[in-house]
Amino acid sequence: MHDSSIGTDAPDRTELDHLFSVTYEELRRLASAVRRSDPGASISPTALVNEAWLKLARTPDVAHTSPLHFRRIAARAMRQVLIEAARRRIAGKRDSSAWHITFDAEAANAAVDADELLALDSAMQRLAALSPRQAQLVEARFFGGLSVPDTAQALGISESTVLRDWRLARAWLARELAMSR
């Protein structure tokens, strides 16, 4: 019985490996942008991609997704890895008195320190409770670097809805982050 389950997982694993290899360079580019935005980060782009891959590899069903949806899922995995690293980095450190997170077109290149990243994650969890789609959109755009058209396709919504939700989510998150200082 054990052997048949291995045989069943092999095609899924092969598909997942293929999907990863197809998107690896894009993930590496995104991870490099994240690394540039946080010079104090204790995790390299390669480690970020590899840690995200380890998270993704535990879920072979992800192999049955489109490359765009895979990027969105990978963005979530990278977010989780960054949050875990940030929590380790700031254990016992001081609180930040001012946040510098920006959600402009170059959001992936904006400098974000560990305290800011944790505050953003907490605010995104609250946003997800109010509007799951807006939280997914922020995750795709901010952490995944997806364009407006790619985000619209990944979430199955129109580009105008992406732009409207992006404005609303940015404003809501900015207010939440300002209140958490």
Counting just the residues of region 152-181 that are part of a helix (DSSP H, G or I) and among the basic types (K, R), which one comes out nearest to the chain's Cα centre (by Cα)? R170
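Check L82, L54 and return the single one that is at pLDDT 75 or above, out of contact with any Leu (no Cβ under 9 Å at 6 or more places or on another chain), farther than 22 Å from G156 by Cβ and not charged (D, E, K, R).
Values: L82 fails: out of contact with any Leu (no Cβ under 9 Å at 6 or more places or on another chain).
Unique residue meeting the criteria: L54.
Can we say S21 is surrounded by 13 or more Cβ atoms within 10 Å (Cβ to Cβ), closer than 21 Å to L146 by Cα and modelled with pLDDT under 75? Before you say what the answer is, go through the steps one by one.
On the way: surrounded by 13 or more Cβ atoms within 10 Å (Cβ to Cβ): no; closer than 21 Å to L146 by Cα: yes; modelled with pLDDT under 75: yes.
Against the criterion (surrounded by 13 or more Cβ atoms within 10 Å (Cβ to Cβ), closer than 21 Å to L146 by Cα and modelled with pLDDT under 75), S21 does not qualify.
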Filtering region 140-151 for residues that are under 13 Å from the mean Cα position of the chain (by Cα), at negative phi and outside any helix (DSSP H, G or I) leaves a count of 2
Looking at (1) under 20 Å from T161 (Cα atoms); (2) surrounded by fewer than 21 Cβ atoms within 10 Å (Cβ to Cβ); (3) at pLDDT 80 or above; (4) touching a Lys or Arg at 6+ places or on another chain (Cβ under 9 Å), can you tell me which one V138 breaks? (2)
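The values are calculated or read from the model by the stated rules, or taken from the named source; none is laboratory data. Model, not experiment: these values are computed from the prediction. Note that each Cβ is placed from the backbone with ideal geometry, even for glycine, and that neighbours are counted across all protein chains shown.
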